[in-house]
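Asks: The structure's right below; bear with me while I get my questions together.
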Amino acid sequence: MALSASDLPAIYSLLTNSMSGDESVRKPAEAALSQSESRPGFCSCLMEVITAKDLASQVDVRLLASVYFKNSINRYWRNRRDSSGISSEEKNHLRQRLLSHLREENDKIAVMLAVLISKIARFDYPKEWPELFSVLAHQLQSADVLTSHRIFTILFRTLKELSTKRLTADQRNFAEISSHFFDYCWRLWQSDVQTILHGFSAVVQSYNPNALEQRHDELYLTSERWLLCLKIIRQLIVSGFQSDAKCIQEVRPVKEVSPMFLNAIQSLLPYYSSFQKGHPQFWDFIKRACTKLMKVLVTIQGRHPYSFGDKSVLPPVMDFCLNKIVDPEPDLLLFEPFLIQCMVMVKCVLECKEYKPILTGRVMDENAITLEQMKKNISSVVGGVLTSLLPSERLILVCNILIRRYFVLTASDLEEWYQYPETFHHEQDVVQWTEKLRPCAEALYIVLFENYSQLLGPVVVSILQEAMNGCPSSVTEVTPGLLLKDAAYGAAAYVYYELSNYLSFKDWFNGALSLELSNDHPNMRIIHRKVALILGQWVSEIKDDIKRPVYCGLIRLLQDRDLSVRLAACRSLCSHIEDANFSEKDFGNLLPVCWDSCFKLIEEVQEFDSKVQVLNLISVLIAHISKVIPFANKLVEFFQKVWEESSGESLLQIQLLIALRNFVVALGYQSPSCYNVLLPILQKGIDINSPDELNLLEDSMLLWEATLSHAPAMVPQLLTYFPCLVEIIERSFDHLQVSVNIIESYIILGGTEFLNMHASSVAKLLDLIVGNVNDKGLLSTLPVIDILIQCFPVEVPPLISSTLQKLIVICLSGGDDLDPAKTAVKASSAAILARILVMNTNYLGQLTAEPSLQLLLQQAGAAVEESILLCLVDIWLDKVDNASSYQRKLFGFALSIILTLRLPQVLDKLDQILSGDNMGSSMSHGEGIVPSKEFRKRQIKISDPINQLSLENSVRENLQTCAALHGESFNSAISRMHPSAFAQLKQALKMP
């Protein structure tokens, strides 16, 4: 039943009660609202609550109403089969109502209304809501500052939503919006920036801040509107035009807006210091505006690099950014977000592939200028601009400034390090490089060095030598010299791959680094942290004769008093142990202290990232060190403790699952010694009803697979886990390959006990997979079906009859001539059916006579004019060239068995059966390729009757049976064979 205006008080009351702290009031209200969501008129009631003037002060209730409205749009706006949705009439009413309430006073609700409009526009624009943008544009003409701000909020949210639609028609619509709105937004932006600058000038000159408070509010609102307008212009330029890197068409607005954005930054920046003390609201705006303007320039450059490369845009922007990096005003040094964006801009330009020289030659047609030639021409011009912007002197200056100013630790850095060493470590080394000034400066330096290594290599070595001479290894006071050495060490660490041409690591290590490692003064943590970094980065340059002292140095750092140093050593040790040239011999006797240091470190650290880092080192050690067993008991205790403490931390648990898997592999058949810890963890990870299932399932299944692969025998707990695999496969085939390996392991390890306990689950699993996965999935599953039938030739075929019928359909369906994967699937399926004929002949006869199979074949469009068994004979003959030697032998045995059946039509195929390639190739005594998996699987293969029986004897005996069955008809069929083929057959079968 529909809700109407009379239900408004009830809806308002429910919304109010649903925010109550009293659960007995809140829960029923939430339940009633949930039931009302799908009723017609619900959104209309919410709209009335949101816009009611007498509820203006009830912000919480109105906000909650807008949240319910948004959820209803997501669930019911688009008509679905399982719900009636919102009627066209109500939708029309809501759209009109939303556009009639533009002057919302509350900022939060105004944003929510903009979100509602954007969500509806995603579904309805342009077909159901063609007037959306024209109404907004019309309202803007006469809007006051508040209304225009709200309209721009709506425009920004809606354009952002529409820009994510990827269909060609949607992109055309967006381009059309851009063409209509760009000029208006651009004119308003230019007008507003003059108003803002004029207003800021008046604010600075005003002696009485309170006298102009009302004017300040309007100026602030204009400033916010201008910022929204900037975001809209960015959206229109970025999403309203195809990237010029693809179409090589100039995007005119880029050249128009970019210089103006730069001018705006230059005009606004002086107010950074002016507003810092007396006008916090405007100071905050200056920071946001200047940072956003630079971000927009970075985005435009990334989207339209060729248009941005114009001489009116790129040179002034790059020049400005480089000047701000090299010589900022004193106050700007504290304006880190802005300096970060200047560095990001320079880095993006230096990395831009469109500005790199294109080395391809001209295309043959000299008269036509190709797209590649146009790109080459532009790249050449931009390359020239960059060369003029970055002469050698400037490059050397920038390199020096980055190292000597931005790499150097400040007093506040050292204080943070002293107070919170873990946080400091992660902020410096793990944080996203665009979020902190020093990591950003390091990222820019690396790109600068990559582009100009021949020029800057000697410069960096010179700074390093200067720093080391100015601060010898014995110095422990925190002096500017020590801090410069720390910065220079960082610079040398980050570009090891190029710097190794100019610097001998062996000399550096023996001359300075080893001495610094042996100095235990507390202040040396500054240098120790960088030495740890260097040892991890320069791993490829650490040759045999210094491997041992380097390993010893890292283990020493892993025992340092400072957590930041220990975590840096932890990461560097991972690099060494994973290195292809890692020397376990040199590391061997360091293992006990390494394990103990890891166990101790993980107990001392508090932060999640630290625990993951240490656990990663433990995992790497287990995977790469052969001497794990002596430490097994300690590791088991460690895993138990960490798992108990990691509850709710799924990323940490994933790392633990990886380490456990490596541990199981390292223990091999001694792995049951860890089952008391391992099996409960595994049980939780493979339970799809567990709250952490989504995060843990993949790694838990890999652990499950490893546990079974390395188990010496099946244990009862592992047997009980098998049904979990059915639940996992029922939900998706995402983990099919691992699941197939697990099934195979259960068959091989569990034997009869497993089949007796889980026969129905096995049948269900195979039926789920076969017929529902692609050819790649089938090719991974079919060998498991083959080994299952090989192990249980009598019990299994009747159990999996549904799956076997699907295999027959696969064999007898056409369409594999030009598809190698489909051909391989047919050959493997045919080999399985051949095995059943050999090992359980009567059953295959029964199966092929089933009426349900005939129905399946009809549904699949497979025309079967003779007996299905004879059709399979054709497949065995046809697929012999696509089969492995082992499968060919199976085909040979099956065809041999066919000779003994009372089927007169067999004689028509006798020539093919006896002279085909399958018989000749299978007559050899070679037994095909024996797969080399674990020992048990090899044993099963060796004991396979197909490997033990002689095909030669089988054919000879079955030919005699065939002759006895068919008498003169047999002789007549034999006489039709080609004499040379018959002679070869007699020779192969050693017939007289």
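Asks: Please state, rounded to one decimal and in Å, the Kirkwood hydrodynamic radius that region 812-884 gives when every pair of distinct Cα atoms enters the mean of 1/r.
Replies: 12.9 Å
Asks: What distance in nm separates the simple spin-label points at L397 and L818, each placed 7 Å from Cα in the Cβ direction?
Replies: It works out to 6.5 nm between the two label points.
Asks: What is the ratio of the Cα radius of gyration of the chain to 2.2 N^0.38 Å, where N is its residue count, to two decimals?
Replies: Normalised by 2.2 N^0.38 Å, the Cα Rg of the chain equals 1.25.
Asks: Let me make sure I get this right: for region 380-499, a, b and c are the square roots of the gyration tensor eigenvalues over alpha carbons, sorted descending. Under 1.5 in a/c it's rounded, otherwise prolate if a/b > b/c, else oblate. Which is it?
Replies: Oblate is the answer for region 380-499, as a/c is 1.5 or above yet b/c matches or exceeds a/b.
Asks: Follow-up. What relative contact order, as a whole-number percentage, does region 567-625 give when Cα pairs under 8 Å and 6 or more residues apart are counted?
Replies: Result for region 567-625 is 56 percent.
Asks: Here's something else I'd like to know. Ignoring ligands, DNA and RNA, what accessible area per residue does region 236-305 give at 1.4 Å, in Å²?
Replies: Each residue of region 236-305 exposes 39 Å² on average to a 1.4 Å probe.
Asks: Report the extension gain between E435 and R97 in nm, rounded to one decimal, defined as 0.36 nm multiplied by the number of residues separating them, less their alpha carbon distance.
Replies: Here the answer is 117.5 nm.
Asks: What number results when the radius of gyration of region 54-193, computed over Cα atoms, is divided by 2.2 N^0.38 Å?
Replies: 1.09
Asks: Listed here are the pairs K347/K543; K485/K600; K231/K311; K231/K436; K776/K889; K246/K295; which of them are more than 28 Å apart at the Cα?
Replies: As for pairs spanning more than 28 Å Cα to Cα, those are K347/K543; K485/K600.
Asks: Could I ask something else about it? Provide I340, I940 ordered by accessible surface of protein heavy atoms (probe 1.4 Å), highest first.
Replies: The ordering from most to least exposed comes out as I940, I340.
Asks: Quick one: accessible area per residue over region 537-615, 1.4 Å probe, rounded to a whole number of Å²?
Replies: About 40 Å² of surface per residue is accessible.
Asks: Given K108/K287; K287/K324; K108/K277, which pairs have Cα atoms separated by over 20 Å?
Replies: Too far apart for the 20 Å limit: K108/K287; K108/K277.
Asks: Testing the spin-label approximation: label points 7 Å from Cα along Cα→Cβ at V59 and K684. State their distance in nm.
Replies: Each label point lies 7 Å from its Cα, and together they span 4.2 nm.
Asks: Here's another thing I want to ask about it. Per residue, how much accessible area does region 1-158 show when a 1.4 Å probe rolls over the protein heavy atoms, in square angstrom?
Replies: For region 1-158, the per-residue accessible area is 49 Å².
Asks: Return the sequence-ordered ³J(HN,Hα) values of region 335-352 in whole Hz as given by the Karplus equation 6.51 cos²θ - 1.76 cosθ + 1.60 applied to θ = phi - 60°, using x for Gly and Pro.
Replies: Running phi through 6.51 cos²θ - 1.76 cosθ + 1.60 with θ = phi - 60° gives 8, 4, x, 6, 4, 4, 5, 4, 5, 4, 4, 4, 4, 5, 5, 5, 8, 4 Hz.
Asks: What does the convex hull of the alpha-carbon atoms of region 465-561 project to on average, in nm²?
Replies: With the hull built on Cα positions only, its mean projection is 5.6 nm².
Asks: Continuing with this model, one more query. For region 703-817, what is the charge dipole size about the Cα centre, in debye to the nearest 20, if Lys and Arg each add +1 at the Cβ and Asp and Glu each add -1 at the Cβ?
Replies: 160 debye
Asks: State to the nearest 20 debye the size of the charge dipole of region 394-456 about its Cα centre, where the only charges are +1 on K and R beta carbons and -1 on D and E beta carbons.
Replies: Taking the Cα centre of region 394-456 as origin, the dipole is about 460 debye.
Asks: Tell me, what HN-Hα J-couplings in whole Hz come from the Karplus equation 6.51 cos²θ - 1.76 cosθ + 1.60 at θ = phi - 60° for each residue of region 646-654, using x for Gly and Pro?
Replies: Those phi angles translate into 9, 3, x, 9, 5, 5, 5, 5, 4 Hz.
Asks: Another one. Suppose R0 equals 51 Å. What FRET efficiency, 1/(1 + (r/R0)^6) with r the Cβ-Cβ distance, do E351 and A52 give to the nearest 0.05?
Replies: It comes to 0.40.
Asks: Where a ≥ b ≥ c are the square roots of the eigenvalues of the C-alpha gyration tensor, would you call region 618-723 rounded, which needs a/c under 1.5, or, failing that, prolate if a/b is larger than b/c, or oblate?
Replies: Note, shape of region 618-723 comes out oblate.
Asks: Defining a contact as two alpha carbons under 8 Å apart and six or more residues distant in sequence, what relative contact order in percent does region 35-187 show?
Replies: Value for region 35-187: 21 percent.
Asks: Convert each backbone phi in region 450-458 into a coupling constant with the Karplus relation 6.51 cos²θ - 1.76 cosθ + 1.60 (shift: θ = phi - 60°), then list the ³J(HN,Hα) values in order as whole Hz, x for Gly and Pro.
Replies: With the stated coefficients, region 450-458 comes to 4, 7, 9, 5, 5, 6, 8, x, x Hz.
Asks: Also, quick follow-up: Would you please give the FRET efficiency between S38 and S583, computed as 1/(1 + (r/R0)^6) with r the Cβ-Cβ distance and R0 = 45 Å, to the nearest 0.05?
Replies: The pair S38/S583 has a calculated efficiency of 0.10.
Asks: I would also like to ask the following. Compute the length gained on full extension between H180 and D331: take 0.36 nm times their separation in residues and subtract their Cα-Cα distance, giving the result in nm to one decimal.
Replies: Value of the extension gain: 50.2 nm.
Asks: Considering the dipole of the chain built from charges on the beta carbon (Lys and Arg +1, Asp and Glu -1) around the Cα centre, which of Q790, Q655, W186 is farthest to its positive end?
Replies: The listed residue farthest towards the positive side: W186.
Asks: Considering the convex hull of the alpha carbon atoms of region 565-642, report its projected area averaged over all viewing directions, in nm², one decimal.
Replies: Directional mean of the projected Cα hull area for region 565-642 stands at 5.0 nm².
Asks: Which percent of the Cα-Cα distances in region 610-673 go past 18 Å?
Replies: I get 29 percent for the Cα pairs in region 610-673 exceeding 18 Å.
Asks: Could you tell me which of A849, G861, V408 has its Cα farthest along the dipole of the chain towards the positive end, charges placed at Cβ (Lys, Arg +1; Asp, Glu -1), taken about the Cα centre?
Replies: Checked the options; the winner is G861.
Asks: Summarise the accessible area of the chain (1.4 Å probe, protein heavy atoms) by the percent that is carbon and sulfur.
Replies: Percent of accessible area from carbon and sulfur atoms in the chain: 51.
Asks: Let me have the 222 nm mean residue ellipticity of the chain computed from DSSP H runs of 4+ only, each contributing -39500 (n - 2.57), with the sum over all residues rounded to the nearest 500.
Replies: Value at 222 nm, helices only, nearest 500: -22500 deg cm²/dmol.
Asks: For T720 and S504, what does the FRET efficiency come to when R0 = 51 Å and r is the distance between their Cβ atoms, rounded to the nearest 0.05?
Replies: It comes to 0.25.
Asks: How would region 6-68 be classified by its alpha-carbon gyration tensor: rounded, prolate or oblate, with rounded meaning a/c under 1.5 and the a/b versus b/c comparison settling the rest?
Replies: Here region 6-68 falls in the oblate category.
Asks: For S518 and L371 in the same chain, what is the full-extension length gain: residue separation times 0.36 nm, less their Cα-Cα distance, in nm?
Replies: This chain segment gains 46.8 nm when fully extended.
Asks: Over the chain, what is the relative contact order in percent, taking alpha-carbon pairs closer than 8 angstrom and at least six residues apart?
Replies: Computed over the chain, the figure is 4 percent.
Asks: To the nearest 10 square angstrom, what accessible area does Y721 show with a 1.4 Å probe?
Replies: Using a 1.4 Å probe on the heavy atoms, I get roughly 10 Å².
Asks: Could you state how much accessible area S57 has, in square angstrom rounded to the nearest 10, with a 1.4 Å probe and all protein chains kept in place?
Replies: 90 Å²
Asks: What per residue convex hull volume, in Å³, comes out for region 707-837 when only alpha-carbon positions are used?
Replies: Dividing the Cα hull volume of region 707-837 by its residues yields 101 Å³.
Asks: Next question, about the same structure. 7 Å from Cα along Cα→Cβ at both T147 and L949: what's the point-to-point distance in nm?
Replies: Rounded to a tenth, the inter-label distance reads 9.2 nm.
Asks: Then there is this: So for the chain, taking the charge dipole from beta-carbon charges (+1 Lys/Arg, -1 Asp/Glu), which of S597, G302, F608 sits furthest toward the positive end?
Replies: Positive-end residue among those listed: G302.
Asks: What does the accessible area of L959 come to, in Å² to the nearest 10, when a probe of 1.4 Å is used?
Replies: Accessible area, nearest 10 Å²: 10 Å².
Asks: In debye, nearest 20: dipole of the chain around its Cα centre with unit charges on the Cβ of K, R (+) and D, E (-)?
Replies: 1100 debye
Asks: Can you tell me the order of 276-286, 677-687 when each peptide is scored by its average per-residue count of other Cβ atoms within 10 angstrom, highest first?
Replies: 677-687, 276-286
The values are calculated or read from the model by the stated rules, or taken from the named source; none is laboratory data. Not measured: the values here are computed from a predicted model. Positions of Cβ are backbone-derived with ideal geometry, glycine not excepted, and every protein chain shown enters the neighbour counts. For the accessible areas, the whole protein counts, side chains as well, though only heavy atoms, and no ligand, DNA or RNA atoms are used. Shrake-Rupley method; radii C 1.70, N 1.55, O 1.52, S 1.80 Å.
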